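Below is one structure, written out as structure tokens; the observations come after it.
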Amino acid sequence: MDREELNGWLRLTLTPGVGNDTARRLLAAFGPPDAIFAQPSAALRQLLTSAQVSAMAEPPDGLAEALDSTLAWLAADGQDDARRCVVPLGDPRYPAALLRIEDPPPLLYMLGQVPATDSVPFGAPDGTGRAQEATPTIANLYPPAVAMVGSRNPTPQGALNARQFARALREAGLTVVSGLALGIDGAAHEGALEAGRPGLATIAVIGTGIDRVYPSRHRELAHRIASQGLIVSEYPLGTPPLAPNFPKRNRLIAGLTLGTLVVEAATQSGSLITARLAAEQGKEVFAIPGSIHSAQSRGCHQLIRQGAKLVESAQDVLEELRLPIPASAIDNAAAGADSTGDGATFSSEGDALLEALGADPVSLDALQARTGLPTPELQARLLELELEGQVGRLPGGLFQRLSRA
């Protein structure tokens, strides 16, 4: 994309009062941005309000700065393991799956392992406002994917489940899509990267400009995603972490995938928005059940009551999606009979305290009643198990036994 073409796309998407739907209608009627801005006001009034026509008459404030910063960002392409590109509707690199959602963004910013393809002329959207799928290769550029979402404050077991499910799903050939948030999102990205399978390991759909990492503690994770996967944003460079943008980007997380797996979520979790959007798009929704005593499991239980598929292993997801399971991934995809997560099982190894812990969160008083151990000895033993990674400490003074891969 040259400077003039990029300027046109930025002007279209940055003009006040011209949202995604209006932009798509203009593209469907007139073709690419340079053709849109060449139209007389009378032609534009057939589709726009008077206020919108007036707004489009002059370049929006900050356009020159946005163009310069975007060009500077693009100029760094190839300086590391990641590629940088701005992908408009009609570009063969635009994910075909997003063309089928209700509100595909006119412009995407991508950083990472962007699929390579020869440049083709802009293909104008059809009468529905959605881009034509005229390029035969477009559907083959991105592998099948599954979304994994959940709580920003998961239990230790929830985070472990996310990591193990993501690793197994990636080993089975799926790309794992999430939102780079704290908690389940980060664990899902980590698990997919750990699989070590060649190809597009994971996609992070973010709610800021692609030149920003939010939360900042995921900066190193974002660098690894860019080297083995892809970071995608619909927001212009420099966009800060604004609260309304995160629920909005969830439609892209759901849209890029065959289905959405909710690992752990409270009843008010934003993850349920992604699950609802997936269902509205006709995609599968999966949920991992948890303890009836855990508030972080109630969102998943609610989804299951509403018809989401209860899953206990990655193999359950693969079978529901009717995807083949490679022989090399079967051991990791199939959970054991006493497993609480993908490929993760309990092994008490004769430890009476681990047996007493069970699978649900439990208080110190309840453990003392079950074991009869003096408080100092019980606390010391719990600390040992916590350091060994066999027990997790939860809010409210509760403890939970963790599954082990």
Original post:
Looking only at region 69-94, which residues are among the aliphatic types (A, V, I, L, M), in a loop (DSSP other than H, G, I, E, B), under 15 Å from ASP211 (Cβ atoms) and in contact (Cβ under 8 Å) with a residue 60 or more places away in the chain?
Top reply: ALA82
Original post:
Out of VAL391, VAL362, which single residue is crowded, with 16+ Cβ neighbours inside 10 Å and at pLDDT 85 or above?
Top reply: VAL391
Subject >> Odd one out for ASP351 among (1) touching a strand residue (DSSP E or B) at 6+ places or on another chain (Cβ under 9 Å); (2) modelled with pLDDT of 65 or more; (3) farther than 30 Å from GLU284 by Cβ >> reply: (1)
Original post:
Restricted to region 208-257, and to residues that are among the polar types (S, T, N, Q) and closer than 17 Å to ALA192 by Cα, which residue is surrounded by the most Cβ atoms within 10 Å (Cβ to Cβ)?
Top reply: THR257
Original post:
Can you name the number of the only condition in (1) under 29 Å from LEU402 (Cα atoms); (2) in contact with a Phe, Trp or Tyr (Cβ under 8 Å, 6 or more places away or on another chain); (3) not aromatic (Phe, Trp, Tyr) that GLU234 fails?
Top reply: (1)
Subject >> PHE30 being more than 20 Å from TYR235 (Cα to Cα), outside the structural domain of LYS248 (by TED's automatic domain parsing) and in contact with a helix residue (DSSP H, G or I) (Cβ under 6 Å, 6 or more places away or on another chain) >> reply: yes
Original post:
Across region 136-172, what is the number of residues that are within 15 Å of SER294 (Cα to Cα), outside any helix (DSSP H, G or I) and at pLDDT 90 or above?
Top reply: 5
Subject >> Matching option when the condition is in contact with a Gly (Cβ under 7 Å, 6 or more places away or on another chain), of a type outside the set (Lys, Arg) and modelled with pLDDT of 95 or more, among PRO33, PRO88, PRO60 >> reply: PRO33
Original post:
What is the one condition in (1) closer than 28 Å to ALA23 by Cβ; (2) hydrophobic (A, V, I, L, M, F, W, C); (3) touching a strand residue (DSSP E or B) at 6+ places or on another chain (Cβ under 7 Å) that VAL213 does not satisfy?
Top reply: (3)
Original post:
In region 206-255, what residues are more than 25 Å from ALA279 (Cβ to Cβ), of a type in the set (S, T, N, Q), part of a helix (DSSP H, G or I) and in contact with a Ser or Thr (Cβ under 8 Å, 6 or more places away or on another chain)?
Top reply: GLN228
Original post:
In region 1-53, which residue that is without any contact (Cβ under 8 Å) to a residue 40 or more places away in the chain and of a type in the set (S, T, N, Q) is nearest to ASP103 (Cα to Cα)?
Top reply: THR22
**OP:** Return the residue satisfying two criteria in turn: it lies in region 355-405 and is in a helix (DSSP H, G or I) and charged (D, E, K, R), and of such residues it is nearest to the chain's Cα centre (by Cα).
**Re:** GLU386
Subject >> Within region 95-114, tally of residues that are assigned to a loop (DSSP other than H, G, I, E, B) and of a type in the set (Ser, Thr, Tyr) >> reply: 0
Original post:
Of (1) at pLDDT below 90; (2) farther than 20 Å from VAL146 by Cα; (3) surrounded by fewer than 13 Cβ atoms within 10 Å (Cβ to Cβ); (4) in the same structural domain as LEU169 (by TED's automatic domain parsing), ALA295 satisfies all except one. Which?
Top reply: (3)
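Going through ARG93, ARG24 one at a time, which residue ends up being outside the structural domain of ARG251 (by TED's automatic domain parsing), touching a helix residue (DSSP H, G or I) at 6+ places or on another chain (Cβ under 9 Å), surrounded by 19 or more Cβ atoms within 10 Å (Cβ to Cβ) and under 30 Å from GLU280 (Cα atoms)? I'd like the intermediate steps shown before the answer.
Numbers: ARG24 fails: touching a helix residue (DSSP H, G or I) at 6+ places or on another chain (Cβ under 9 Å).
Result of the check over ARG93, ARG24: ARG93.
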**OP:** Assess whether ALA66 counts as being at pLDDT 95 or above and either in a strand (DSSP E or B) or surrounded by 18 or more Cβ atoms within 10 Å (Cβ to Cβ) (or both).
**Re:** yes
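On the basis of being in contact with a Lys or Arg (Cβ under 9 Å, 6 or more places away or on another chain), at negative phi and in contact (Cβ under 8 Å) with a residue 60 or more places away in the chain, does GLU194 make the cut?
Numbers: in contact with a Lys or Arg (Cβ under 9 Å, 6 or more places away or on another chain): yes; at negative phi: yes; in contact (Cβ under 8 Å) with a residue 60 or more places away in the chain: no.
Spelling it out, it is not the case that GLU194 is in contact with a Lys or Arg (Cβ under 9 Å, 6 or more places away or on another chain), at negative phi and in contact (Cβ under 8 Å) with a residue 60 or more places away in the chain.
The values are calculated or read from the model by the stated rules, or taken from the named source; none is laboratory data. Please read these numbers as outputs of a predicted model, since none were measured by experiment. Neighbour counts run over all protein chains shown; Cβ positions are idealised from the backbone, glycine included.
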